[in-house]
Protein chains: 2
Amino acid sequence: MNSCSSIGIGLAGFGTVGSGVWNTLQRNGKLISERTAGGTLLEIVRILVRDLHKSRATHEDVPTELFTTDWHALVNDPAVDIVVELIGGTTDAFEIVAAALRAKKPVVTGNKALLAERGRELFALSLEHDTPIHFEAAVAGGIPIIRTVQDSFIGNRILSFSGIINGTSNYILGRMTDAGLTFEEALGEAQALGYAEADPALDVNGWDAAHKAILLATLAYGFPIDPKEIHVSGIDQVRPTDIHFAKSLGYAVKLLAVIREHEDGSVELRLQPSFIPKSNILASVHGVFNAVAVHGDAAGESLFYGRGAGQDPTASSVVADLVEAARSLGQASGHRGFLPYRESGRIMPVSETSTAYYVRFDVTDRPGVIAEIAKILAEHRIGISGTHSPVNPNNPDAAFVDMVFLLHTCPFGQLQEALLEVKALDCVNSSPVVFRIESLS
Amino acid sequence: MNSCSSIGIGLAGFGTVGSGVWNTLQRNGKLISERTAGGTLLEIVRILVRDLHKSRATHEDVPTELFTTDWHALVNDPAVDIVVELIGGTTDAFEIVAAALRAKKPVVTGNKALLAERGRELFALSLEHDTPIHFEAAVAGGIPIIRTVQDSFIGNRILSFSGIINGTSNYILGRMTDAGLTFEEALGEAQALGYAEADPALDVNGWDAAHKAILLATLAYGFPIDPKEIHVSGIDQVRPTDIHFAKSLGYAVKLLAVIREHEDGSVELRLQPSFIPKSNILASVHGVFNAVAVHGDAAGESLFYGRGAGQDPTASSVVADLVEAARSLGQASGHRGFLPYRESGRIMPVSETSTAYYVRFDVTDRPGVIAEIAKILAEHRIGISGTHSPVNPNNPDAAFVDMVFLLHTCPFGQLQEALLEVKALDCVNSSPVVFRIESLS
């Protein structure tokens, strides 16, 4: 019942994900063709690499004439119908994607930084040339959250997202929790296992997850978001003390993306280490897994869970986008990729966002410390639900100790003002460390 | 940037879900239009009801001239571009869907029984008239599992599904577990809360979930499946004793759909009460929520969790399908609905499927009972991992007691043969009750 139509793919980048796409099409190409009305055969006809002479011992099945080091040759090859961008970065990748759109060749990309930083320009090009950009692989690897928000929840106003969308930091926090490792030890382990990059900065400083959160928010609320407008902090400040406290209070510590639309239409968007109730299903997301909870006004609460990275899961998303892009080829009207539908919207300043807080101070242990800090908090009308100074069993008379305060819900800006004063106290030795306590109704 | 195009919807059925679709389009119609390239406006232009004169006090905003009791008038109305079937059943619903396909009007339905029982005929009509049937609302309400399998996982061989896809039975099992209720008490509660129908047969006998499992398997493996070929048992045999044992052994009792492709291409498909490890994320699916775990050869393990029923969640899925159906209108080539891509496949007979088991016998309490049962199991080469007879604290000398055996993995057929012999023992008073113990790697 299928008459085969062959679609030429230009694959820019042949690293982990790129070679995963090759493998998946080799393994399941026939199955994909059977499953598509019209029998679409996806065929990789060009591959952009940095070095033609690099050994590709694990990919001896790739005909060498497919490789090129010239991206123009790939984008302009008449046999290339769809361009897959997997080289990363925001400069060459931008040029390749822009050129493909101008040539009316649909683009599939997994490049979250590119879309979060330069999405406004690229979506404008997509609209101008009526050619879609698909980017399922850019957020949460093998979890089809982009398509879910864009298509399945199209009838919903999205009330909120809460997501664990960086596997490396989730692994690190998990090992600190389960094995009592320090941040540095857990990071070393993640690197040894290949979960973290040699330079793990974007993973641990929160920005990898923040780029993904920006894309989710753009999809849900329809306007491009400037990364400068959002508040991001990573897990590099998390200490065993914090993990210990969280556990004893019935919380898990997670690097959580929170996106929420408020009554006035403004969008709260932040990425921070957070205490979440152990009973919440997100607390059960372990290791390098990712999960995104979505609350739609019709669908209610949903959760999407799976592998957030890795060769095959990410390739799975690229291939799904390729089938989607192939479907749109030759269709007369309206492309199926995402386009912002509002010029702009309001990102709520982080100072206006309210939660409860866990705050850790590094203090000189002497009588009166709690009173001095509590007085400042009271003056700023911030309620205290608990305070504790753990005794160091190895050194019960240590001069410097951690002092922990649990604070009632207030705007972050109000807390920041109070903390500026606390920091100026002579008994406080460094900047306080703040984590959100999320209720996650 | 959007020039509006209005799409006429014929809504067959205005019960819970049908009126939910109306509400959702009233509330979010403008947003949906903004989000669709081309500005699709979905407009309900005809509504099929049983009784024109029934009071619809909560829907006074529906113009009365939209209502009709004649489905021909709805399907044949030139203003109707897409037909939504929400009347349920497999007779009139079949006629309506078939007539719509013949008129080349795309169909959106939430009718799992119709597609599971008569899908072969309807998919053939869909192919013949190149007109899609969309059925996201038929499986797991607001969870977009159909689209996920069909589109997002199109590059994956689906290795397995494990799903909790009947909210009513999950609620009942949860209340038996958490509040110590009997099956009858928990069912009564579910009915009082409106979770279970007045006739809850399809919920508790497993067939509501089985229809959904048939659709998932058909999607994943591409061939229509005869409901007669699959093994279904419900939760009506679950007793507090079973719940107690499961808990003490570290398991949760769930009505689990298991679908798995074996090496030889045969498909295991069954629906039974099962013990699953408490550590598995499916054990955390509480109340009326649904969840489907999918294992793809590329995507790896994923889980999709959300509201499996209810007015708004199901309407959310209907609306997503309406947008999809609207997109396909006027497209020249290949419809985007599901079509089986194989004539037939092999469903593995349940006798060949292997797991470990929990078996409960109602026995006369006298010395030698365990020995007699154990001897028969040994003759059938079935290993015993544990056996227990709980003492009834209210009646420690009761003549009739429950006797529980935990059995090692063996084919179900082998177990059934042994149990036939056990049942013939004069100390065994009724048919043994068998639950699966699932390892859920």
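Listed values, structure above:
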quantity	calculated
Rounded Å value of the spacing that divides the Cα centres of the stretch B:190-220 and the stretch B:45-98	25 Å
Prolate/oblate/rounded label for the stretch A:350-437 (Cα gyration tensor, a/c 1.5)	prolate
Percentage relative contact order, the stretch A:350-437, counting C-alpha pairs under 8 Å, at least six apart	50 percent
Cβ-defined net charge surrounding residue A:7, 9 Å radius [Lys, Arg +1; Asp, Glu -1]	-2
Antiparallel bridge percentage (DSSP; both residues within the stretch A:145-306; nearest 5)	95 percent
Sites residue B:408 and residue A:30, calculated FRET efficiency, Cβ-Cβ separation with R0 35 Å, nearest 0.05	0.35
Shortest-first distances to equivalent copies, position residue B:237, nm, label 7 Å out along Cβ	5.8
Counting DSSP beta bridges with both ends in the protein assembly as shown, the antiparallel % (nearest 5)	70 percent
10 Å Cβ neighbours from other chains, averaged over peptide B:137-150	3
Inter-chain shielding of A:336-349 (mean C-beta neighbours from other protein chains, 10 Å cut-off)	2
Ordering of B:79-88, B:415-424, A:317-326 by burial proxy (mean other Cβ atoms within 10 Å per residue, highest first)	A:317-326, B:79-88, B:415-424
Packing-based order for B:105-113, B:93-101, using average beta carbon neighbours within 10 Å, highest first	B:105-113, B:93-101
Ranking of B:64, B:177, B:218, A:69 by count of other Cβ atoms within 10 Å, fewest first	B:64, A:69, B:177, B:218
Cβ neighbours within 10 Å from other chains - mean over A:289-296	3
Extension gain, residue A:192 back to residue A:237 (0.36 nm per residue minus Cα-Cα distance, nm)	14.1 nm
Per-copy distances of the residue B:199 label point, shortest first, in nm (7 angstrom along Cα→Cβ)	6.8
Cα long-axis angle, helix A:167-178 against chain A (0 to 90 degrees, to the nearest 10)	40 degrees
Rg and Dmax of the protein assembly as shown, Cα atoms only, in Å	29.1, 87
Alpha carbon centroid spacing (whole Å) that separates the stretch A:135-177 from the stretch B:151-184	22 Å
Extension gain (nm, one decimal) between residue A:371 and residue A:16, 0.36 nm per residue minus Cα-Cα	122.3 nm
Beta bridges per DSSP with both ends in chain B, % antiparallel, nearest 5	65 percent
Computed over the stretch A:234-301: relative contact order in percent, which uses C-alpha pairs under 8 Å that are six or more apart	25 percent
Alpha-carbon centroid distance for the pair the stretch B:422-439 / the stretch B:1-40, whole angstrom	53 Å
Estimated 222 nm signal from helices in chain A, with DSSP H stretches of n ≥ 4 weighted -39500 (n - 2.57), rounded to 500	-10000 deg cm²/dmol
Ascending list, in nanometres, of distances separating the residue B:91 label from those of the other copies (7 Å, Cα toward Cβ)	7.3
Dimensions (Å) - chain A, Cα atoms, principal axes, largest first	81, 49, 36
Taking A:355, B:168 and counting other C-beta atoms within 10 Å, the order from fewest to most	A:355, B:168
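Read-outs throughout are calculated quantities, based only on the coordinates presented, and are distinct from any laboratory measurement. Given the structure is predicted, the values throughout are model-derived calculations rather than measurements. Please note: Cβ atoms are built from the backbone with ideal geometry, for glycine as well, and neighbour counts cover all protein chains shown.
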